[in-house]
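Novice: Have a look at the structure that comes next, please.
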């Protein structure tokens, strides 16, 4: 497939980062795998939305891919490589979180990490930076799950079942304001990388989804919650259909 991409950003706090690499070398595959129809490279696109500082987002941007690749067995055929990717992504997220926690910094980050290898897309995510697929023909599908306690009933149940407390911020007079949060710490996300100060209820284990596109292709849109708080998945897809990738990215941010 021909890969075209664009990037646009409007960051107010300077805690959002992205990773964009189109020429990552797949580790040497076994001799039985074909390299003629599928070159041994893959692309990575990631959005990292940091909070309480930028350290976790920067660390994740710089280290997550290496941790994912180091979790992959050696000498795999291309099909085995694709089959092993979801498990390696989980291991990479967990290792990145564990290593960052040793630094003693309190920042955290969402991470939505897409690997494109041929026609196969594998997405792993923690937090609420969403990835959607707008396939040819107009079908829009979600490749991530939003780990916001406000909207995700399963995550609320997981946190409370493991001993965490979910509730809103209480202010003077007993009034409750804002979104549902996990206490201690008060984070409104149930999964993230970092966030050493919010206890063991916030986990770095990502939601992973792998899909194979037909040869008619499609478009991925990966963005932080600043986009999704303003646009539905369908609206984001529709607003930039027919536009080249760079213009499409700018249109999604602008609208």
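The values are calculated or read from the model by the stated rules, or taken from the named source; none is laboratory data. Because the structure is a prediction, the values reported are computed rather than measured. For neighbour counting, all protein chains shown are included, and Cβ atoms are generated from backbone atoms with ideal geometry for every residue, glycine included.
Novice: Can you pull out the residues in the stretch 79-122 that are part of a loop (DSSP other than H, G, I, E, B) and buried (at least 23 other Cβ atoms within 10 Å of the Cβ)?
Specialist: Initially, the stretch 79-122 is screened for residues part of a loop (DSSP other than H, G, I, E, B), giving 102-107, 110, 118-119.
Once the filter is applied, which keeps residues that are part of a loop (DSSP other than H, G, I, E, B) and buried (at least 23 other Cβ atoms within 10 Å of the Cβ), the stretch 79-122 yields 107, 110.
Novice: Okay, next question. Restricting the first residue to the stretch 73-98 and requiring it to be in contact (Cβ under 8 Å) with a residue 12 or more places away in the chain and at negative phi, which pairs with a second residue that is buried (at least 21 other Cβ atoms within 10 Å of the Cβ) and part of a loop (DSSP other than H, G, I, E, B) meet a Cβ separation below 6 Å and a spacing of at least six or different chains?
Specialist: Pairs that qualify, where the first residue is in contact (Cβ under 8 Å) with a residue 12 or more places away in the chain and at negative phi and the partner is buried (at least 21 other Cβ atoms within 10 Å of the Cβ) and part of a loop (DSSP other than H, G, I, E, B), are 93/204; 93/206; 94/204; 97/204.
Novice: Looking only at the stretch 235-249, which residues are surrounded by fewer than 17 Cβ atoms within 10 Å (Cβ to Cβ) and in contact (Cβ under 8 Å) with a residue 60 or more places away in the chain?
Specialist: Hits for the stretch 235-249 are 241, 244, 245, 246, 247.
Novice: Given the residues 173, 194, 186, which is the only one that is on the phi > 0 side of the Ramachandran plot and loosely packed, with under 13 Cβ neighbours inside 10 Å?
Specialist: Within the list 173, 194, 186, the selection yields 173.
Novice: For residues that are surrounded by fewer than 20 Cβ atoms within 10 Å (Cβ to Cβ), in contact (Cβ under 8 Å) with a residue 40 or more places away in the chain and part of a loop (DSSP other than H, G, I, E, B), tally how many sit in the stretch 201-234.
Specialist: So the answer is 6.
Novice: Select from the stretch 5-38 the residues that are at pLDDT below 55 and surrounded by 14 or more Cβ atoms within 10 Å (Cβ to Cβ) and list them in ascending order. Walk me through how you get there before you give the answer.
Specialist: Start the filter on the stretch 5-38 by keeping residues that are at pLDDT below 55, which leaves 31-38.
Of everything in the stretch 5-38, those that are at pLDDT below 55 and surrounded by 14 or more Cβ atoms within 10 Å (Cβ to Cβ) turn out to be 33, 38.
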